[in-house]
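Contents: one structure, followed by commentary.
The values are calculated or read from the model by the stated rules, or taken from the named source; none is laboratory data. Here the structure is a predicted model, which is why all the values come from computation and not from measurement. Because the Cβ atoms are built from the backbone with ideal geometry, glycine has one as well, and the counts that use them run over all protein chains shown.
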Amino acid sequence: MLRHGQKKGVAILGIIWETSWPMKIKLAHSPDADDAFMFYALTQGKIDLQGLEFEEVQAPIDQLNQQALLGSNGGYEVSAVSFHVYPEIAEHYQLLTTGACFGENYGPVVIANRNLKPKQLRKVRVAIPGKTTTAFLVLKMLEPTVCYSELPFDQILEDVAAGKVEAGLIIHEGQLSYEEKQLCKVIDLGEWWQKETNLPLPLGGIVVRRDLGWETAVKIQQVIRASIQYALEHKDEALDFALPFARGLAREQVEKFVGMYVNDLTVDCGRKGMKAIKTLLERGAKLGFIKPVDFEELFLTRQAPEPELAATPIS
């Protein structure tokens, strides 16, 4: 695949001519209200795209995680991913400092159709929305021996309510709607994480493929940051756009949900967000759930990296 603006030789009548054109950058995210809100301005032509051309792709987060594992052999150029999967894709992807979602004393919720204590989770089967989700990583930190089954995230509430599974790990809008089905909260993993670390819980971020090059990656980061800022400054129109992605939530619930996960930390995670992400990855690696990460190469730098020096041949 060509890099953005890369030149390629084309032979016409035996003469090689150099051509150059911008590549269409696949931008992948979940079909959820918070992501729709964030990318509203970018996808609807409300901001300057700095000469870049994007192709939007929507898929559940576990599918995006699996696609990112392909790296430069088929992974999307820009993608929302769970922080859980990042160590596996770090060779091919770099984290942006914009676009990340954090739960500040809230996050994924373990629910059940009867009253359960957190310590009882080792005795029941929990439906999870994917083994690569950050929600599952944090659940394992809480209860390493948890027994689980994978289900589509939007099926878990229904199956727990119907008694098909004893408990479920809820992400996305289900965090606001499980009580409507008379289901019980076992534990909010964001609350638990806050007590453990005094930090927000990092759930997912935006990554850019390293082979795009620093200059293009910086433009992508600037465009995504501008899209989020536009949505926050034009909240009503961005919420109108996001509402169909909320799977039946009322507008006031959508506004609450979007406010939970699209805020100042999403515009730029800053030192607080960076510390939270590093803490999550360090703890996961220490427990053996994920690979260690080179934190020097974690985030997209604001300055161009130093060029690598070619090895001097031994004469």
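A few comments on the model shown:
- Scanning the stretch 173-193 for residues that are surrounded by fewer than 22 Cβ atoms within 10 Å (Cβ to Cβ) and farther than 28 Å from Arg251 by Cα yields one hit, Trp192.
- Residue ID - farthest from Gly130 (Cα to Cα), chosen from residues in the stretch 150-172 that are surrounded by fewer than 24 Cβ atoms within 10 Å (Cβ to Cβ) and touching a helix residue (DSSP H, G or I) at 6+ places or on another chain (Cβ under 7 Å): Ala161
- Lone unmet requirement of (1) surrounded by fewer than 24 Cβ atoms within 10 Å (Cβ to Cβ); (2) out of contact with any helix residue (DSSP H, G or I) (no Cβ under 6 Å at 6 or more places or on another chain); (3) more than 18 Å from Leu287 (Cβ to Cβ) for Ser72: (2)
- Just one of the listed residues (Pro60, Pro22) is touching a Phe, Trp or Tyr at 6+ places or on another chain (Cβ under 8 Å) and either at pLDDT below 95 or at positive phi (or both), and it is Pro60.
- Taking helices (runs of 4 or more DSSP H) as the structural unit, those lying wholly within the stretch 230-301 and holding at least 1 residues that are more than 18 Å from the chain's Cα centre (by Cα) and in contact (Cβ under 8 Å) with a residue 60 or more places away in the chain correspond to 235-242, 251-261, 270-286.
- Residue match in the stretch 156-169 (condition: over 30 Å from Gly213 (Cβ atoms), in contact with a Phe, Trp or Tyr (Cβ under 9 Å, 6 or more places away or on another chain) and in contact (Cβ under 8 Å) with a residue 60 or more places away in the chain): yes
- Condition check for Val110 on (1) under 23 Å from Val223 (Cα atoms); (2) of a type in the set (A, V, I, L, M, F, W, C); (3) buried (at least 24 other Cβ atoms within 10 Å of the Cβ): one failure, at (1).
Let's see how each residue does on (1) modelled with pLDDT of 95 or more; (2) closer than 30 Å to Pro144 by Cα; (3) of a type in the set (Gly, Ala, Ser); (4) in contact with a Lys or Arg (Cβ under 7 Å, 6 or more places away or on another chain):
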position: Arg225; (1), (2), (3), (4): yes, no, no, no
position: Lys235; (1), (2), (3), (4): yes, no, no, no
position: Ala242; (1), (2), (3), (4): yes, no, yes, no
position: Glu252; (1), (2), (3), (4): no, no, no, no
position: Met274; (1), (2), (3), (4): yes, yes, no, no
position: Lys278; (1), (2), (3), (4): yes, yes, no, no
position: Lys286; (1), (2), (3), (4): yes, yes, no, no
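- Cβ-Cβ distances below 6 Å connect the following pairs, each with a first residue in the stretch 211-227 that is closer than 16 Å to Leu95 by Cβ, a second residue that is part of a helix (DSSP H, G or I), and a separation of six or more residues or different chains: Asp211/Ser72.
- When the stretch 133-149 is filtered for residues that are surrounded by fewer than 22 Cβ atoms within 10 Å (Cβ to Cβ) and in contact with a helix residue (DSSP H, G or I) (Cβ under 7 Å, 6 or more places away or on another chain), the ones remaining, listed by number, are Met141, Leu142, Glu143, Thr145, Val146.
- Search result, residues across the stretch 263-302 that are closer than 24 Å to Met38 by Cα and basic (Lys, Arg): Arg271, Lys272, Lys275, Lys278, Arg302
- Of the residues examined, Gln94 is not one that is modelled with pLDDT of 95 or more, surrounded by fewer than 16 Cβ atoms within 10 Å (Cβ to Cβ) and outside the structural domain of His172 (by TED's automatic domain parsing).
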